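Quick notes on the structure that follows.
Nothing in this text is a laboratory measurement; each read-out follows from the coordinates by a stated rule. Everything numeric in this text was worked out from a predicted model, so none of it was measured. Positions of Cβ are generated from backbone atoms using ideal geometry, with glycine treated the same way; all protein chains shown enter the neighbour counts.
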């Protein structure tokens, strides 16, 4: 069955060296017949290889009703396949189907009926489910994939889901890359979602952990208010109601749509032989059937046409957030916005609440000279479909400063920039910093894999070098222009949060 | 048929020999891996003596035009008296920002940022580190700045004043995060009134002066009390010459470290509950552990991997998360504190109603590993994990140099890595049970919970009944972080 499919193999292997200043990136590419892309970077030294698979799917591919499913699915990908995690697949599947039928009845009773349904019926069905779950255990091999990776010296073993991308990570000794090829191609095509309902409970606990992080519930509302239409408006973890109601069927549909080789890239960084990797990838990933083409996200964010303000209270530090809509990644305004964020906010956030090297304008003026802020920072986040420019600040309560006072100060600085722009030195500093930060991100093989792999799924990995190049062309006029264009009230959301102990 | 031939053809065209000899394997157990031999790097190769007794670990690495430099200094928070608690944080805040004898802090920061470099300083328990990263073309200027800060820090008053104000403001956040509250109070219960648990207050921060910072600097920052690490794109001989010239006039002095007590109070076993209106209970349960110089260290690592340290392959995760869906994050850990016994704890965060049930499941696992031998498969997974992932300790020259420097500064044997795998291999099933019995004591355990009392104490159908079924319940009041006084 598994070998039956073999599409026409379109072969393409090229080594690319592109220069941006002294920055080079030596990535070897190979595309399988089913559309899956293999990227490779040699990093000799230690006999280890970082192996990452990235799928072009995240929370922006969800819709109301199934928010959180991309992340829940990432969890389910560790729950086995037709081959892994089970001693007798058919026997296990028979029990699993019975569980699904009962759970379907429970969900219909509980969630479809306005009064929450017949509690006695639900309890009886749940009892039957519990029995079946107990019964099924004899066929389940717990976390077999994880154990195999661990036993073979897998480190950095993890997976993550973002708005745009889901990644599966392991670093292995260089003689064991074939294990990753086997396990990852297997779960791409043969995933089987055992223990689905208890894993939903795990994810709900994960959401509760977020809820108990001071400030999370407010920032969830801030993001939801900032985006009126774009699917960036919900968090990756999803809404609790959806987590409760997502069904096994939803999960299978999601998997079949997005977990196809033409929607994935796999990257290897470390002590590797290109030819060897390509030959293995052809065998393992090459056997996975190509899926239908995938349509990009339809709903972009419409113009806001009005100022938004949000006020909240809770158990986190008093703070100010200001957000502005900006264009997505790859837009000509991305580079000047990035320089602007560096000029205004560089180093002023700081690690563990310590002040960073404070050479950004806002730090100098508001933390140091006027002593009005504890921390203040500025970020430009060009995402795939929508961008955001953001200021975060914590006021000096001991000096009686309020978030609104800081808001006025930030606007004053922004207005100055609209008029006069910034200095040539500031622009040069921002360029130097971006280049150096980029180089540093190449130091760690894992960081390198993550940057190149993720970039590949949007505009291609070469965009990383293009972006550095674009920074060199930024002029003071560009800065003044983007400041005037995006820093306007009708394009903004201001969020004021006041600490109030307890709930 | 046609398809297979086609694939073969592609491979032939590329001239790929490797990988073609074997077919695609269906089952992981059929995989055959080529042998891989790995010997760890030898610290002696990198160890260098610089002027005035400054020791260094240096490795050239020309793969990127970058240089990383760190000075690990034998000064840490534990050497600060109680009435100056927070001095380490203030030092972190002001060593660079306070400038040097010839330069303002802002001038230094401005220049480093302009070069796209980074310069940071951080104080930990017994060491602190000044770290620099620069492009290799800027190395000379970077070295000048680095050693100027290290040798001539001036701690100007305006930097101190600003640092104090910011740190005092941040004290307000001390009781915000349930995880932070739990870690701090659990440590306070286990170690009692000790430098390990002294927290700053507004008063201690305000009491710290420029003279205090300068005194620490002159007392601890001298060549023989520092180990340097350097890796990156430079010539080692030239780097040494340059550094030696910069530190030529740097004097040594004698240093007597404060004596730190190793006596810790005996707490009463039972439940310690901290009230917070949240929808989960954050739980740590355990007691003091061992030092990492203990000969049983390796066996304890293997045992804890099986119990709750080996993520999904461990018993606690398998039971509490995977079987029961009670939590996202759970397990057990032995933490290590240089010079003191570390902490053993089981941990979990679960919704209020299942707090008692999750505790009971973890306690059962603690009993089980003490009373039943572990399975052969569990041993195999744990041991192989440590052996096969061993080379990860040397994932970059920067990490390797730091590891060697830490061995030396902690006075550990320099063949630690060379002998590491043999010590792991020597751990047996019997030894695992022996160390479980020796270092895990369920009858002496403190169970600390941060959560909402009523729902946590009520329990669920899975395990009804109050938390007093796990021993006497003590209610712990938090302290006002500004004053350090208990909040009644």
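Before moving on, here are some points about what is shown:
- Highest-first packing order for the peptide set B:411-421, A:54-64 is A:54-64, B:411-421, based on the mean count of other beta carbon atoms within 10 Å.
- With respect to chain A, whose longest principal axis is taken over its alpha-carbon atoms, helix A:196-211 is tilted by about 20°.
- Degrees between helix A:334-345 axis and first principal axis of chain A (Cα, 0 to 90, nearest 10): 60 degrees
- Cβ crowding within 10 Å averaged over residues, with A:320-328, B:472-480, A:303-311 ranked highest first: A:320-328, B:472-480, A:303-311
- A viscosity of 1.002 mPa s and a temperature of 20 °C, combined with the Kirkwood radius over Cα pairs in Stokes-Einstein, give a translational diffusion coefficient for chain A of 85 µm²/s.
- Put in order of Cβ neighbour count within 10 Å, fewest first, the listed residues A:402, B:483 become B:483, A:402.
- Angle between chain A longest axis and helix A:216-226 axis [Cα atoms, degrees, rounded to 10]: 70 degrees
- The label point for residue B:363 and the one for residue A:101, both projected 7 Å from the Cα toward the Cβ, are 4.1 nm apart.
- DSSP-defined beta bridges in chain B - what % are antiparallel, rounded to 5: 75 percent
- Alpha-carbon centroid distance for the pair the range B:43-114 / the range A:234-299, whole angstrom: 44 Å
- The mean count of C-beta atoms from other chains within 10 Å of the C-beta of residues in A:68-75, rounded to a whole number, is 0.
- Peptides A:427-440, A:129-142 ordered by average Cβ neighbours within 10 Å, highest first: A:427-440, A:129-142
- Neighbouring Cβ atoms from other chains, within 10 Å of the Cβ of residues in A:46-57, number 2 on average.
- Once the C-beta distance of residue B:36 and residue B:458 is scaled by a Förster radius of 45 Å, the resulting FRET efficiency is 0.25 to the nearest 0.05.
- Mean per-residue shielding of peptide B:24-31 is 6, counting Cβ atoms of other chains within 10 Å of each Cβ.
- A viscosity of 0.890 mPa s and a temperature of 25 °C, combined with the Kirkwood radius over C-alpha pairs in the Stokes-Einstein formula, give the range A:87-139 a diffusion coefficient of 210 µm²/s.
- Within the protein assembly as shown, DSSP assigns beta bridges of which about 80% are antiparallel (rounded to the nearest 5).
- Diffusion coefficient, µm² s⁻¹, Stokes-Einstein with Kirkwood Rh over alpha-carbon pairs of the protein assembly as shown at 20 °C and 1.002 mPa s: 70 µm²/s
- Förster-model FRET efficiency, 45 Å R0, residue A:441 and residue A:122, C-beta, rounded to 0.05: 0.30
- For the range B:270-471, the ratio of Cα radius of gyration to the globular rule of thumb 2.2 N^0.38 Å stands at 1.11.
- Diagonalising the gyration tensor over the Cα atoms of the range A:308-499 and scaling each eigenvalue by 5 before taking the square root yields semi-axes of 28, 19, 17 Å, largest first.
- Just so you know, the averaged projected area of the alpha carbon convex hull for the range A:387-457 sits at 7.9 nm².
- Comparing Cα centroids, the range B:369-397 and the range A:56-107 end up 30 angstrom apart.
- Cα gyration tensor, chain B - rounded (a/c under 1.5), prolate or oblate: oblate
- Three principal axis extents of the range B:45-246 based on alpha-carbon atoms, in descending order, are 50, 36, 31 Å.
- Förster-model FRET efficiency, 35 Å R0, residue A:475 and residue A:310, C-beta, rounded to 0.05: 0.50
- Separation of the range B:182-217 and the range A:437-503, taken as the distance between their Cα centroids, equals 38 angstrom.
- Mean ellipticity per residue at 222 nm, deg cm²/dmol - from DSSP H runs of n ≥ 4 across the protein assembly as shown, formula -39500 (n - 2.57): -12000 deg cm²/dmol
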